[in-house]
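Just below is one structure, and these are the notes that go with it.
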Amino acid sequence: MKISRILSAGCALVTTLFAGATSLTVDTQAGALKDKISGQADGLTELTVTGKVNAADLEFIRYGLPDLTSLNLSGTQVAEYQGERLVTGRLASAADVVPEYSFTGSQITTLSLPAGITEIGDGAFAGSHITAVELPQTVTKIGVSAFADCPSLTAAVIPSGVTAIGTGAFRNCTALKSVTISGSVAEIPESAFAGCSALTTVAFPASLRGIGSQAFAGTGLTAADLSGCRNLRTIGPWAFANCASLSTVSLPSVGSLDLQEGAFFRNVTLGNNLNDFAALTDKINNYAFTDNAAMKVTKFEDSSVASVGDYALRGFATQNTITFPSTLEHIGTRGMAGWNGLQKVDARQLGTNVPSLGDEVWHGVNQSQIPLLVKEEQETLFSESPQWKEFNVTVIKVSDIENIVADNGASQVTGSIHGDVLTLESKGADILGFQIYDLSGRMIAMPRNTPAQTVTAPVGTIDSPVMVVRVILSDGTTTALKLAR
């Protein structure tokens, strides 16, 4: 059944009824929409508006059309409003702005916004049932909590004109799966996407300088590619906390980074090397990587970290060794608690600088069974320092290594390490066998091989950057080589 009417003032209005669903198209002037639709509101589910509207018209749509699920405003212009106090309490509203709280809690699921708007007001669509929204390219600002708590919103594309996003703009949108942030956004603010548990993919803008507190806390992110954000300087407190599926973070290769408290707290699948972050900062703040057991700690000694905060590296249960950088000055309370797999601590680069410690730094670790490697001049310092002395303080003499290298009765053997493979070649007698030592003088491998002029061995599992290889030849002579990766 189809009913058509021609309304006065040359405005065409079409009402179509299909099994109880009513749609309407209206051309209007600012402030006149309520009169245009007078008597048509009941059961209206689809509305297309052209012409001009203002804050009073938008408020009428929200509160006067309770059954509306589809709204097309793409052919309208938002005009300035000044007049009687509206339901939301406002007396005035600027042109080209979707006013604050205009559609809060609305049942609308499908929405097309006016093409020329520049700003989405605070809470404008908070708690609404929109499933998708396409922001016009003219939008420059998204207000505080503008789209927060929208349970059906699945995707968000922030256009290139946007320069400012409000706090909590998309907070707790639990169906939101993907976000694209284009253009010149410099900061993703506090709680912007916090609690978006289905959010797995975010495209970050190159303009990004900071990520605010809890911006992505509790999201479903699987990866965070920040490598193109060369101006990134701050990752705020708890910014990526409790992201249970976050497995990789890619950071820019240049610049410095203020990695604040709890930034990657309890990301249980995060597989990065600690040095990915340490290379960009001199301070690992409190709780920064707490309980991230899947993270790796290798070549930490290459960093310039001066401080490890309270609980910062707690729960790295699979780590078996760590070498401290010469710059380290402090480790906070329970900073390395729960390192239950720890087998060796190397403090030799610290020299005579014994870092200060918070309480129970290695809580739960059986320190007495773990060697703490020190140089001769460090022995007394570490043996008398609280908590450090609980380790098995082990003095490594330089002469121990030099004696191995000095045992070089044959000089016809050459060696090299390429990737994860050690290659030895003899120009004389066959190589009968060989032993691999780390720089502490501890033998870490004794590969088996058939006597040959050239032999190879995998060394991918050996974390020492420099190895001493003692080679035994079939003529009874030996030689030793010091090889670097």
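List every residue whose amide H lies under 5 Å from the amide H of N273, counting only residues 5 or more places away in sequence or on a different chain, with H placed 1.01 Å from N in the peptide plane.
Amide H neighbours of N273, under 5 Å, 5+ apart: K296.
Which whole-Hz couplings ³J(HN,Hα) result when phi for each residue of the stretch 166-178 is put into the Karplus expression 6.51 cos²θ - 1.76 cosθ + 1.60, θ = phi - 60°, listed in order with x for Gly and Pro?
Once rounded to whole Hz, the list reads x, 3, x, 3, 10, 4, 6, 7, 6, 9, 5, 9, 9.
Please give the net charge around S128, taking every other residue with its beta carbon less than 10 angstrom from that of S128, where Lys and Arg add +1 and Asp and Glu add -1.
0
Can you compute the charge dipole magnitude of the chain about its Cα centre, using +1 on each Lys and Arg Cβ and -1 on each Asp and Glu Cβ, nothing else charged? Give it in debye, rounded to the nearest 20.
Value, rounded to 20: 720 debye.
Step through the residues of the stretch 315-321 one at a time and calculate ³J(HN,Hα) from phi using the Karplus curve (6.51 cos²θ - 1.76 cosθ + 1.60, θ = phi - 60°), rounding each to whole Hz and writing x for Gly and Pro.
Running phi through 6.51 cos²θ - 1.76 cosθ + 1.60 with θ = phi - 60° gives x, 7, 5, 8, 6, 10, 7 Hz.
Under 5 Å between amide H atoms, partner at least 5 residues away or on a different chain: which partners does F434 have, H built in plane at 1.01 Å?
I472
List the residues whose amide H sits under 5 Å from the amide H of A337, counting only those 5 or more places along or on another chain, with H placed 1.01 Å from N in the peptide plane.
R314, G315, H363
Per-residue counts of other Cβ atoms within 10 Å, averaged by peptide: what ranking do you get for 412-419, 44-51, highest first?
44-51, 412-419
Return the calculated 222 nm mean residue ellipticity for the chain, to the nearest 500 deg cm²/dmol, obtained by summing -39500 (n - 2.57) across DSSP H runs with n ≥ 4 and dividing by the residue count.
My calculation for the chain gives -1500 deg cm²/dmol from helical runs alone.
According to the square roots a ≥ b ≥ c of the eigenvalues of the Cα gyration tensor, what is the shape class of the stretch 188-236, taking rounded for a/c under 1.5, prolate for a/b larger than b/c otherwise, and oblate for the remainder?
oblate
Using Cα atoms only, what is the angle between the long axis of helix 55-64 and the major principal axis of the chain, expressed in degrees (0 to 90) to the nearest 10?
Its long axis makes an angle of about 90 degrees.
At what distance in angstrom do the alpha carbon centres of the stretch 449-485 and the stretch 41-107 lie from each other?
That distance is 78 Å.
Any idea what diffusion coefficient the stretch 154-256 gets from Stokes-Einstein, in µm²/s, Kirkwood Rh on alpha carbon pairs, 25 °C, 0.890 mPa s?
After rounding, the answer is 186 µm²/s.
Which entries in K299/K427; K52/K141; K34/K141 show an alpha-carbon gap greater than 26 Å?
K299/K427; K34/K141
Cα gyration tensor of the stretch 224-338, axes a ≥ b ≥ c as square roots of the eigenvalues: rounded (a/c below 1.5), prolate (a/b > b/c) or oblate?
Since a/c stays below 1.5, the shape of the stretch 224-338 is classed as rounded.
For the stretch 292-360, just say rounded, prolate or oblate: build the C-alpha gyration tensor, square-root its eigenvalues into a ≥ b ≥ c, call rounded for a/c under 1.5, and beyond that prolate if a/b exceeds b/c, oblate if not.
Here the stretch 292-360 falls in the oblate category.
The numbers here are math on the coordinates, done by the rules we state, and not lab data. Everything numeric here is computed off the predicted structure, so don't read it as measured data. In this analysis, Cβ positions are derived from the backbone assuming ideal geometry, glycine residues included, and neighbour counts consider all displayed protein chains.
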